[in-house]
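Everything below concerns the one structure shown next.
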Amino acid sequence: LDLVTQLKGLAYVIEEPRVVIVPLNVKRDPSKNVIVPQRTPKPLPLTVIGRVVDANGVVVPGAQIVRRKRGRSLEPKDSAATTDVAGRYELKLWKPYGSLEARAEGQVPSFSISVDGEPGAQVTIDLATRGAGGMVVVRLTAEAGSPPDVLVIVGSMQDVETTLPDGRKAVQCARERYWPGKGDVTFAGIVPGKTTVSLHHGDYERASQPVEVVAGGTVEVELKLVKKPPVTDTLAATRVSLNFRDARPAEIVKFLNDAKGLSIVMDPALAQRIEGIKVTLAVTDRPLDETLRALCREIGGATYDVQGPVVFIRAEKK
């Protein structure tokens, strides 16, 4: 209350059992009436009903309906409902609704369908699993004290959009989970065929291994967490060749990031100052730190420093 009233140039007084907002530096007259704001009605939920079938159209009892919220990967703990003996489910959702996916033991999960509708309404979303799947068990070896937030991914890192036969837009969700810091990471219902298992963490080298998944089978993968050397060491040890003529500095930065897997960013103020400037830079088998210094000279009045895992190009201090 202190913060809110001060920001608005107001004050408040306590008159049991209520709190009254008053003008700043004005004494409240308790005999005067006050305006009681109306309570905001609780929003109504959207009711979602549907049925889950398998790839042959047979109903699937006991399937888990998993809700995916924006920006979050699907986890078993996000289960929102379970289908009954007839493969039917019903659940209530409040905005943001997210999307729904059906999972059943031994089956490839359904595509993820976005939920849309007006509060208080009822919509139908039928889901279909996609045939027998395989299992991938990922075992991580790491030094003591390794972080538990290593991302383990099977297949693509990105969601893949698709269109179902009935015309509905759907998404094949990226299969990813965070390593809990010990033990294995298990993925069930993986599409049979060749795919890749990979590890991602800002402080560790990326590791990946190709695997072939068989329907009804289990593939075990062992990957090792290897800590990245300090960025300053990487800049000194990494060599680069490039030849840019009349290029925007941002293009050169993007090339270095993509080619060497680094995180080089430019200070927004500097980027705005040099907007429209084009530079020419050509190096052959030179250390990356030397290349960055050359780029800063071409830009003019720029330098770089290392802040954690990020190389930061900024204007020189005068």
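Remark: C-alpha extents of the chain on the principal axes read 75, 70, 45 Å, sorted largest to smallest. When the surface is traced with a 1.4 Å probe over the full set of protein chains, Thr5 keeps roughly 10 Å² accessible. Would you mind working out the magnitude of the charge dipole of the chain relative to its Cα centre, with +1 at each Lys and Arg C-beta and -1 at each Asp and Glu C-beta, to the nearest 20 Debye? Result for the chain is approximately 860 debye, rounded to the nearest 20.
Of the residues Gly189, Gly301, Val19, the one whose Cα sits farthest towards the positive end of the charge dipole of the chain is Val19 (charges of +1 on Lys and Arg Cβ, -1 on Asp and Glu Cβ, taken about the Cα centre).
Could you work out the helix-only [θ] at 222 nm for the chain, with each DSSP H run of four or more residues adding -39,500 (n - 2.57) and the total divided by the number of residues, to the nearest 500 deg cm²/dmol?
Working: 5 runs with 43 residues, N = 318.
Result for the chain: -3500 deg cm²/dmol, rounded to the nearest 500.
For Lys224, the lysines whose Cα falls under 28 Å of its own Cα, not counting residues fewer than eight places away in the same chain, are Lys77, Lys182, Lys194, Lys260. Of all the options Ala207, Ala269, Ala55, the one that moves most in a Gaussian network model of the chain with Cα springs shorter than 10 angstrom is Ala269.
Taken along the Cα-to-beta-carbon direction at a fixed 7 Å, the label points for Glu105 and Glu212 span 2.9 nm.
Scanning residues 5 or more positions from Val22 or on other chains, those with amide H under 5 Å from its amide H are Ala11, Tyr12, Val13, with H placed 1.01 Å from N in the peptide plane. In summary, the aspartates and glutamates within cross-link reach of Lys227, defined as a Cα separation below 18 angstrom excluding same-chain residues under 8 places away, comprise Glu143, Asp149, Asp203, Glu205. Considering the chain as a Gaussian network with a 10 Å cut-off on Cα pairs, which listed residue, Thr163, Thr195, Thr124, attains the greatest mean-square fluctuation? Maximum fluctuation in the GNM of the chain, among the listed residues, is at Thr163.
Between Asn33 and Gln6, how high is the FRET efficiency from 1/(1 + (r/R0)^6) when r is the Cβ-Cβ distance and R₀ = 22 Å? Nearest 0.05.
Numbers: r = 25 Å, r/R0 = 1.14.
Efficiency computed from Cβ-Cβ geometry: 0.30.
Residue ranking by accessible heavy-atom surface, 1.4 Å probe, largest first, among Met157, Met266 comes out as Met157, Met266. Of the trypsin sites (Lys or Arg not before Pro) found in region 145-229, those in coil by DSSP whose Cβ has at most 12 other Cβ atoms within 10 Å are Lys182, Arg206. Scoring 36-43, 16-23 by mean Cβ neighbours within 10 Å over their residues and listing the highest first yields 16-23, 36-43. A probe of 1.4 angstrom, applied to the heavy atoms of all protein chains, finds Val34 with accessible area near 50 square angstrom. Most simply put, the chain has about 80% antiparallel DSSP beta bridges, counting only bridges with both residues inside it. Over the chain, with a Gaussian network built from C-alpha contacts below 10 Å, which listed residue (Leu24, Leu295, Leu140) shows the highest mean-square fluctuation? Largest GNM mean-square fluctuation: Leu24. What does the charge count near Ile49 come to, summing +1 for each Lys or Arg and -1 for each Asp or Glu among other residues with Cβ under 13 Å from its Cβ? After counting each charged neighbour, the total is 0.
The values are calculated or read from the model by the stated rules, or taken from the named source; none is laboratory data. Nothing here was measured: the structure is a model prediction, and the numbers come from that model. Virtual Cβ from ideal backbone geometry, glycine too; neighbours counted across all protein chains shown. Protein only, heavy atoms only, side chains kept; ligands, DNA and RNA dropped before computing areas. Shrake-Rupley method; radii C 1.70, N 1.55, O 1.52, S 1.80 Å.
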